[in-house]
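Here is the structure we will look at.
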């Protein structure tokens, strides 16, 4: 059930620490996930393959506006987080209002931190924290040409 996968940071922290005590490898990634597309799904499947439990931080509407501009997000946070939770590869989701997931990463202490291959590992927010706690930082190859921005441009061009 979707609601079982959408958690507050407080409850997710308890879940994650309990799973780690049982030897489960926790993977963390984050994003806006505005206009969910195949690239998102394949990216999250790739992230999940790096461990046992995939936790996805989803930027709030206010956070997306600050990062992407006033015209975004197209899809509201409740719908975005629910769509991410609906994916089979995703075990848990959490909403965050900050511009970066640094607070989430420090609170959850994932074993693996993942971003798309368009990021340099040393530039990934939280990378040094995860490494200093014995974790790993990884990147997942992205699907060429698939992005929310490209989808929006294609729609605008057709109007």
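Every number here is computed from the coordinates shown, using simple stated rules; none is lab data. Remember, predicted model here, so these are calculated numbers, not experimental data. Cβ placement follows ideal geometry from the backbone for every residue including glycine, while neighbour counts extend to all protein chains displayed.
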C-alpha long axis of helix 9-21 to longest principal axis of the chain, angle in °: 50
Span from the the stretch 98-159 Cα centroid across to the the stretch 20-95 one, whole angstrom: 10
Segment residue 42-residue 156, extension gain: residue separation times 0.36 nm, minus the distance between their alpha carbons: 38.5 nm
In degrees, nearest ten, helix 38-48 long axis to first principal axis of the chain (Cα): 10
Segment residue 123-residue 67, length gained on full extension (0.36 nm per residue, minus Cα span): 18.5 nm
Order of 139, 148 - criterion: other Cβ atoms within 10 Å of each residue's Cβ, fewest first: 139, 148
Where labels lie 7 Å past Cα in the beta-carbon direction, separation of residue 24 and residue 3 in nm: 2.1
Cα extents of the stretch 1-84 along the three principal axes, largest first (Å): 44, 27, 24
With Cα atoms, 0 to 90° folded angle of helix 148-158 axis to the chain main axis: 10
When the chain is reduced to its Cα atoms, the Kirkwood hydrodynamic radius in Å: 15.9
